[in-house]
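Worksheet: one structure, shown below.
Read-outs: derived from the displayed coordinates by stated rules, not from any lab. For clarity, every value in this text was computed on a predicted model and none was experimentally measured. As a convention, Cβ positions derive from the backbone with ideal geometry for all residues, glycine included, and neighbour counts pool all protein chains shown.
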Amino acid sequence: MKTIGLNTEHLQHFIGNTDIAAIENEVISAKKTLLDGSGKGNDFLGWVNLPAEISQDEINNIKKDVERLADKVRLFVVVGIGGSYLGARAVIEALQSEFAMQDTGRKFPYIVYAGHTLSEDYYCQLMQVLDKQDYAVAVISKSGTTTEPAVAFRLIKSHIEKKYGKAEAAKRIIAITDARRGALHDIAVQEGYQMYVIPDNVGGRFSVLTPVGLLPIAMSGYDIDKLLQGACDMREECIRNDKVEENPALLYAAIRNLLYRKGRKVEILENFVPQLKYISEWWKQLYGESEGKEGKGILPHSLSFTTDLHSMGQYVQEGERLMFETVLSVERPQQRIEIPSDEKNLDGINYLVGKTLTEINHNAELGTILAHCDGGVPVLRILIPEVNEYVLGQLIYFFEFACGVSGYVLQVNPFDQPGVEAYKKNMFRLLGKPGYADK
Ligand code: PA5
């Protein structure tokens, strides 16, 4: 099967072979540190072997839950925030139709999200939809104590119990959390919910290939075996090959650190197909939380083209030269549509007649890359043969492995997130949470 790869052609004016050679030892040593578990945060390396080690029983249980619920419900609410929802959303939105909500003949439930916001209007609107639709819920929190999903789940638990009665509601709720601890664990045990465990040694943002991501993805009807196979194959490639120029994850880690050292403090992940927007959201969390610490780290940003060429395109072309771009470049679409001819040609686009949208989009992509390169922005391309489960599995593992290596090259702990606590302390004090008055 075709695999993802990197195209470095448009970096030539910014990074030379000698630059790569100069950072090679650091990258290889960071990879070794990651694989022998001798670096910072080494108690959170469970994700490294996850795709190869996930148990068949766990996968079978997920599939049984899908069988049990998929026919019965039209909506499936995924309650979670950060690493407990972004991975699932990234894969689901990459694979499903932009108009999936409109598809009344769907075989699998449509996923809606909760626990990722505290907006009152959002929950009122969600409850109005849940009043009318048959639904089930997965509540996902590793710590089991995060405020946003706890608040959302309290609202939804009350709604689902009123709608179906306590006993039926309990059959429609799945909890994904710690094996032993946390409020969510205790609620799930007391109420008798179906439970899945997030392994202790896998941090939230690296958890998409655990039930955190796999259950919602399977519930939407996508093939988690293929997703895991893609991740497995990419893992082999990442681990096996010590040549930086040949190993895409090592090359990506090398390039971003070289560009950072040359003053490129912002990386913009760009797509030319809107279904990859949530891949960027997931990637931003992965890299932002892993590297943004100790006053260091590339700022991860994202844009969707060609939409944002008509807004942020101006800045990228002519604004301050502080960024580099990483383009998610998709070769083949799932479907084709050609530009039809029009006798009058009043819109002046008859020169495009017979071309597919992808041909036009690829030219927009190349035109953009050349323009930005001329404007002094280094551009790296990640070549994606097509968007399917197998390729997304590869992409996920590629980004995760590169993130671990890149974080070690930057000399930070890529697996903690101490900064996330600061806002919580203030919020708890302001809300009068017991024990926070003097914080
Ligand atoms: O990557 C992380 O660890 C965080 O983004 C968490 O996933 C997020 O804060 C949610 O935490 P929890 O799953 O404990 O509710």
Set of lysines with alpha-carbon distance to residue 425 below 17 Å, sequence-local pairs under 8 removed: 433, 439
Length-normalised contact order of the chain in % [C-alpha pairs under 8 Å, at least 6 apart]: 24
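If we count other beta carbons within 10 Å of each Cβ, what is the order of 392, 69, 346, fewest first?
By the 10 Å Cβ count, ascending: 346, 69, 392.
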Sort 120, 26 so the one with the fewest other Cβ atoms within 10 Å of its own Cβ comes first. 120, 26
Going toward the positive end of the dipole of region 50-225, with +1 on Lys and Arg Cβ and -1 on Asp and Glu Cβ, which of 198, 56, 153 do you reach last? 153
Taking region 1-119, the lysine pairs whose C-alpha atoms sit under 22 Å apart (8 or more places apart or on different chains) add up to 7
Please compute the length gained on full extension between residue 53 and residue 32, using 0.36 nm multiplied by the number of residues separating them and subtracting their Cα-Cα distance. 5.5 nm
Among 185, 116, 362, whose mean-square fluctuation peaks in a Gaussian network model of the chain (Cα, cutoff 10 Å)? 362
Residue 68 paired with residue 430, simple spin-label distance in nm, labels 7 Å along Cα-to-beta-carbon: 4.0
Build a GNM of the chain with springs between Cα atoms under 10 Å: which of 363, 49, 345 gets the top mean-square fluctuation? 345
Helix 389-409: inclination vs the chain longest Cα principal axis, degrees, rounded to 10, gives 80
Kirkwood hydrodynamic radius of region 50-225, from inverse mean 1/r over distinct Cα pairs, in Å: 16.0
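Determine the calculated [θ] at 222 nm for the chain from helices alone, applying -39500 (n - 2.57) to every DSSP H run no shorter than 4 residues and normalising by the residue count; nearest 500 deg cm²/dmol.
-15000 deg cm²/dmol
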How many nm separate the modelled label positions at residue 265 and residue 189, each set 7 Å beyond the Cα in the direction of the Cβ? 4.8
Hey, rough spin-label estimate for residue 43 and residue 311, points 7 angstrom out along Cα→Cβ, what's it come to in nanometres? 4.2
Percent relative contact order for region 180-285, counting Cα pairs under 8 Å at least six residues apart, stands at 13
Net charge contributed by nearby residues that have their C-beta within less than 13 Å of residue 277 (K/R +1, D/E -1): -3
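Taking the inverse of the average 1/r across all pairs of different Cα atoms in the chain, what Kirkwood radius in Å do you get?
In the chain this quantity evaluates to 23.2 Å.
Note the full-extension length gain between residue 225 and residue 240 as 0.36 nm times their separation in residues minus their Cα-Cα distance, in nm to one decimal.
3.2 nm
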Inter-part gap, Cα centre of region 299-313 to Cα centre of region 103-161, in whole angstrom, is 30
Once you have the Cα-Cα distance between residue 374 and residue 360, take 0.36 nm times their residue separation minus that, and quote the gain in nm to one decimal. 2.9 nm
Positive-pole candidate from 399, 208, 169, dipole of the chain, charges at beta carbon: 169
Positive dipole terminus of the chain, leading residue within 110, 420, 350 (C-beta point charges): 420
How high is the relative contact order of region 1-133, in percent, with contacts defined as C-alpha pairs under 8 Å that are six or more residues apart? 24
Students often forget the sequence filter, so: which aspartates and glutamates lie under 15 Å Cα-Cα from residue 424 once same-chain residues fewer than 8 apart are removed? 148, 438
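Can you tell me the order of 285-294, 315-324, 396-405 when each peptide is scored by its average per-residue count of other Cβ atoms within 10 angstrom, highest first?
396-405, 285-294, 315-324
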If neighbour count is taken as other Cβ atoms inside 10 Å, put 220, 158, 302 in order from fewest to most. 158, 302, 220
For a quick check, take a GNM of the chain with Cα springs below 10 Å and name the residue from 119, 29, 341 with the largest mean-square fluctuation. 341
Any chance you could count the Lys pairs in region 239-386 whose alpha carbons are under 20 Å apart, treating pairs 8 or more apart or on different chains as valid? 8
Give me the dipole magnitude in Debye, nearest 20, for region 50-225 about the Cα centre, with unit charges on the beta carbon: positive for Lys and Arg, negative for Asp and Glu. 400
Based on the Cβ-Cβ distance of residue 121 and residue 301, what FRET efficiency does E = 1/(1 + (r/R0)^6) give at R0 = 30 Å, to the nearest 0.05? 0.65
At R0 = 41 Å, how high is the FRET efficiency between residue 17 and residue 351 if r is their beta carbon distance? Nearest 0.05 is fine. 0.50
Principal axes of region 244-295: Cα extent on each, largest first, Å: 31, 31, 17
Amide H contacts of residue 77 (H built 1.01 Å from N, under 5 Å, at least 5 apart or other chain): 112, 136, 137, 138
